[in-house]
Structures are given as C-alpha cells and as structure tokens.
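So the structure is just underneath, and the comments pick up after that.
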Amino acid sequence: GMIVANGKVCHLFYTGKDGKANFKNFELKVDVMTKANSNGGIYFHTEYQEKSWPNKGFEVQVNNTHRDVKKTGGLYNVQDNLEKVAEDDKWFTEHIVVQGNHVTVFVDGKKVSDWTQPEGWAGPKGNPGRMLSSGTFAFQAHDPGSTIYYKNVRVKALK
C-alpha cells in the first residue's frame, strides 16, 4: 500500500492512464515517512528522463535528518527550508499547491514554503529547468542509504 524509495539515484514518474500526464495548476497531497538520515523528494512540473536528477521541474525536499541542510518542505535550490518540520519514523503530509506563478508547500498543515516566480525568472544557478510550466510528478530515491515511504497520493487539478 505504499511506494518505497531506496537504492541508487532514480525517480518514479507518474504517466497517467494515457502516458501523457500533464499538470499546470494543482494541489498534491502525499503522506510521507522517512527513515533516519534519509533524503528524497517530490518533483512537479517535470518530465520523464532515463537517468540522473530531473532537468525539468521543481523538487519539494523530503529530508528530516540527512546531512543535507535543506530540509522537508523547501523548494530545492529555489526557496530552501533549513528547519526541521517533521520527524523520522512518523507519517507526515506534504501538501503542494501550484496556482499560476505561485507555489505553496505545507507540512502537516503548517506553511513551510511560499514562493512566487519572479517576472523574467531564468531558474536558479545550476538548475535552469526550475521554471513553472506544466508536467508530471516524480518520487525520488536519493541514495542507497536513504529510505522514504510515499502513500495516499492525491492530486486535484485547479483552473
């Protein structure tokens, strides 16, 4: 009843029934549990690629105690969260809302990130594909030492 992300760097992409999943404005809720010292992420506005980190889209961080200082609920390399907002070995809900050029991320109902893409945004240094556009979702397996559980995935398209 859950997706277990553990192993070498890889991403599980949602393709939809027709293989053409494409979301622009949406709400996504995912129940997540991390094991100690684990790192992962939830990508949105991304697209399938065979290897490595997705070049397109944003990553909402999943990391409570991993050595990376960027913690759960931040928009990775865009608006990072440096404070621990969830516990390992306990289920928490990441709720991502994208509407137009605005992204809000909540963890268990608490707002962690609130970011508006500036006019003329070219993406952060090293991640030029981090642009609000449209695309699908992906769950990240970050490394063999990390284990992240994802379940109860709910998405609602917004106008």
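Within the stretch 98-121, not a single residue is open to solvent by less than 70 Å² (accessible area, probe 1.4 Å), in a loop (DSSP other than H, G, I, E, B) and among the acidic types (Asp, Glu).
The C-beta contact set for the stretch 57-80 (first residue closer than 18 Å to Thr46 by Cα, second residue of a type in the set (Asp, Glu) and at pLDDT 95 or above, distance under 6 angstrom, 6+ apart or interchain) comprises Gly74/Asp80; Tyr76/Glu59. Tallying residues that are aliphatic (A, V, I, L, M) and either closer than 22 Å to Val85 by Cβ or part of a loop (DSSP other than H, G, I, E, B) (or both) within the stretch 5-14 yields 2. Filtering the stretch 120-139 to residues that are closer than 28 Å to Thr65 by Cα and touching a Ser or Thr at 6+ places or on another chain (Cβ under 9 Å) leaves Gly129, Thr136, Phe137, Ala138.
Which of the numbered conditions does Asn127 fail, given that it passes all the others? Conditions: (1) surrounded by 14 or more Cβ atoms within 10 Å (Cβ to Cβ); (2) at pLDDT 95 or above. It fails just one condition, (2).
Checked against the criterion of being in contact (Cβ under 8 Å) with a residue 12 or more places away in the chain, surrounded by 15 or more Cβ atoms within 10 Å (Cβ to Cβ) and outside any strand (DSSP E or B), the stretch 147-158 has at least one qualifying residue.
Rundown of residues vs (1) under 25 Å from Gln117 (Cβ atoms); (2) touching a helix residue (DSSP H, G or I) at 6+ places or on another chain (Cβ under 6 Å); (3) small (Gly, Ala, Ser); (4) modelled with pLDDT of 95 or more, yes/no style:
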site	(1), (2), (3), (4)
Val30	yes, no, no, yes
Lys35	no, no, no, yes
Ser38	no, no, yes, yes
Ile42	yes, no, no, yes
Glu47	yes, no, no, yes
Val60	yes, no, no, yes
Thr65	no, no, no, yes
Asp68	yes, no, no, yes
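The values are calculated or read from the model by the stated rules, or taken from the named source; none is laboratory data. All figures in this text were calculated on a predicted structure; none of them were measured in a lab. Every residue, glycine as well, gets a Cβ built from its backbone with ideal geometry; the counts of neighbours run over all protein chains shown. Only protein heavy atoms, including side chains, enter the accessible area calculation; ligands, DNA and RNA are left aside. Shrake-Rupley method; radii C 1.70, N 1.55, O 1.52, S 1.80 Å.
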